1. Against the empirical 2.2 N^0.38 Å scaling, what ratio does the C-alpha Rg of region 53-164 come to?
2. Could you sort 178-189, 154-165 so that the peptide with the highest average Cβ count within 10 Å comes first and the rest follow in order?
3. With no solvent and one equal point scatterer placed on each C-alpha of region 110-231, evaluate the Debye formula and give log10 I(q)/I(0) for q = 0.20 Å⁻¹, two decimals.
4. Of all GluC sites (Glu not before Pro) in region 90-130, which ones are in loop regions per DSSP and have a Cβ with at most 14 other Cβ atoms within 10 Å?
5. Show which lysines lie in cross-link reach of Lys126 when reach means a straight Cα distance below 30 angstrom and same-chain residues fewer than eight apart are skipped.
6. Just to confirm a number: summing +1 for Lys and Arg and -1 for Asp and Glu over residues other than Pro183 whose beta-carbon lies under 14 angstrom from that of Pro183, what do you get?
7. Grab the beta carbon distance between Asp178 and Leu97, set R0 = 45 Å, and tell me the FRET efficiency rounded to 0.05.
8. Using θ = phi - 60° and the Karplus curve 6.51 cos²θ - 1.76 cosθ + 1.60, what whole-Hz ³J(HN,Hα) does each residue of region 57-66 get, with Gly and Pro shown as x?
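The values are calculated or read from the model by the stated rules, or taken from the named source; none is laboratory data. Quick caveat, the model's predicted, so the values are computed rather than measured. Quick reminder, even Gly has a Cβ in these numbers, built from the backbone with ideal geometry, and neighbours come from all protein chains shown. Heavy atoms of the whole protein, side chains included, go into the accessibility calculation; ligands, DNA and RNA do not. Shrake-Rupley method; radii C 1.70, N 1.55, O 1.52, S 1.80 Å.
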Amino acid sequence: MSVSRRCLCCVKYLMFVFNLIFWLGGCGLFGVGVWLSFTQAEFSSLPLSFPSLSAANLLLVAGGITMVTGFLGCLGALKEQRCLLCMFFAILLLLVLTEVTLVLVIHIFHEKLDSKAQNELKEGMKIYESEPGLKKSWDNVQKMFKCCGVTNKTDWFEVLNGTLPSSCCSVGTERCIDGWVEPCYHKARTWLLDNIPSVLVFGVCIGVVQILALVFSMVMYCQILCTEKHMD
């Protein structure tokens, strides 16, 4: 076996291992997204801007794309197909750039995004009495998090003519006068941030694997070209 062929085999199996880890990471992200979706299923009628629902959808999309990309990388490494490697590199590069852009946008515009999400939720509250699904979701949120309103319990005053829904108080209370003080958006956001650190660490690890996979795909592509030239 020639030196170039041995190098190609080495890079091939290294890339396969990295992409296998990458694919497993995608499965992990997708699994967390599914878990979060099932956990928050009782809030499903709320706008998708609700923190835990938006996080669940984001993880599902990221996990699904990562799984497909990892599979392409594994297949391209094993088959030594330049076309598959180019496709893998292009998708992975686009994914990395999208992730970096998304992180920067969230970091820079997080206050505006929070404000927009809160406004959407307040708009949704207006059909609380006419929409049974939304009513059930809001009641579930307020009972689970022991909170009231989006940013303040007074958010309900315009919707319910100066009164509060019974779900703003302890279970079993027929008429709610003094509801829970903490707002639901802040409470849900805090709950999400308390439960997400391990996922963020996992995401950083996946990011490192993505960069290494990009490097190995380029190296392997060059090695295939060199091997084909030597064979010619």
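1. After normalising by residue count via 2.2 N^0.38 Å, the value is 1.63.
2. 178-189, 154-165
3. The Cα Debye sum returns log10 ratios of -1.08.
4. When the GluC sites (Glu not before Pro) of region 90-130 are filtered for loop state and at most 14 Cβ neighbours within 10 Å, Glu129 remain.
5. Cα-Cα hits under 30 Å: Lys112, Lys116, Lys135, Lys136, Lys143, Lys146, Lys153, Lys187.
6. Overall, the nearby charge balance is +2.
7. The value I calculate is 0.35.
8. Calculated HN-Hα couplings, in order: 5, 5, 5, 5, 5, 4, x, x, 5, 5 Hz.
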